[in-house]
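Scroll down for the structure; my scribbles are underneath it.
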Amino acid sequence: MFNFDDEMQTKITDDIAVSACPVLVEESARGNLWGYYLCIENNSKHKIQLLGKSWNISDEKGNLYCDNSLGFKGEIPELEPGEYFEFTSTAPVNSHNAVFYGSCRIVDEKHNLTKDILIPTLNLATNNLPENIVLN
């Protein structure tokens, strides 16, 4: 769907690795459409279930966009030790500079423990701003 050639960033919480990468899908004078890729790897010794995600985008204009939803496009994956799950989606941003951050909610099935696993913070910034745009 997208070409994620930029450097992948990874954050590890309790042996669960979340790798993420953004890609600029569409740029316009009003804002941008960003694509993002997540890969969640279960490097623990227990089966986990991915319940959902909670991500936020904060832009240079002070706007905050949130997605706090169950599942991943209707899927609630279960990952055995050593397995991974990949997810892509898009996020519209009405600005040329923003920050993407958040977490994935999981259940460690052996301990019946629900916890949040951090997503790496991504910088959503365009290098080719239209000439008529002035950033404050």
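What is the fewest-to-most order of ILE106, ILE117 by other Cβ atoms lying within 10 Å of their Cβ?
Result, fewest neighbours first: ILE117, ILE106.
Excluding same-chain pairs closer than 8 in sequence, count the lysine pairs in the chain whose Cα atoms lie under 20 Å apart.
Lysine pairs meeting both conditions in the chain amount to 10.
Most exposed first by the Cβ proxy, i.e. fewest other Cβ within 10 Å, how do HIS111, HIS46, HIS96 rank?
HIS111, HIS46, HIS96
Whole Å is fine, so just give me how far the alpha carbon centre of region 1-78 lies from that of region 80-105.
What the calculation gives is 1 Å, centre to centre.
From the phi angles alone, apply the Karplus equation (6.51, -1.76, 1.60; θ = phi - 60°) to region 46-56 and give each ³J(HN,Hα) in whole Hz, x where the residue is Gly or Pro.
Listing the rounded values in order: 10, 5, 10, 10, 8, 7, x, 9, 9, 10, 9 Hz.
Mind listing the long-range amide H neighbours of SER44? Cut-off is under 5 Å, sequence gap 5 or more, other chains count too, H placed in the peptide plane at 1.01 Å from N.
Excluding prolines and chain starts, which carry no amide H, the hits are GLY82.
Which peptide among 55-63, 78-86 comes first, and what is the full order, when sorted by highest mean count of other Cβ atoms within 10 Å?
Descending mean neighbour count gives 55-63, 78-86.
Please give the length that would be gained between ASP67 and HIS46 if that part of the chain were fully extended, namely 0.36 nm times their separation in residues minus their C-alpha to C-alpha distance (nm, one decimal).
4.8 nm
Based on other C-beta atoms within 10 Å, arrange CYS66, CYS39 from fewest to most.
Going from least to most buried by this count: CYS66, CYS39.
Semi-axes of the equivalent ellipsoid for the chain, please: Cα gyration tensor eigenvalues, times 5, square-rooted, ordered largest first, whole Å.
Ellipsoid half-lengths, sorted descending, are 31, 14, 12 Å.
Read-outs: derived from the displayed coordinates by stated rules, not from any lab. The structure displayed is predicted, hence computed values, not measured ones. So basically every Cβ, Gly included, is an ideal-geometry build from the backbone, and we count neighbours across all protein chains shown.
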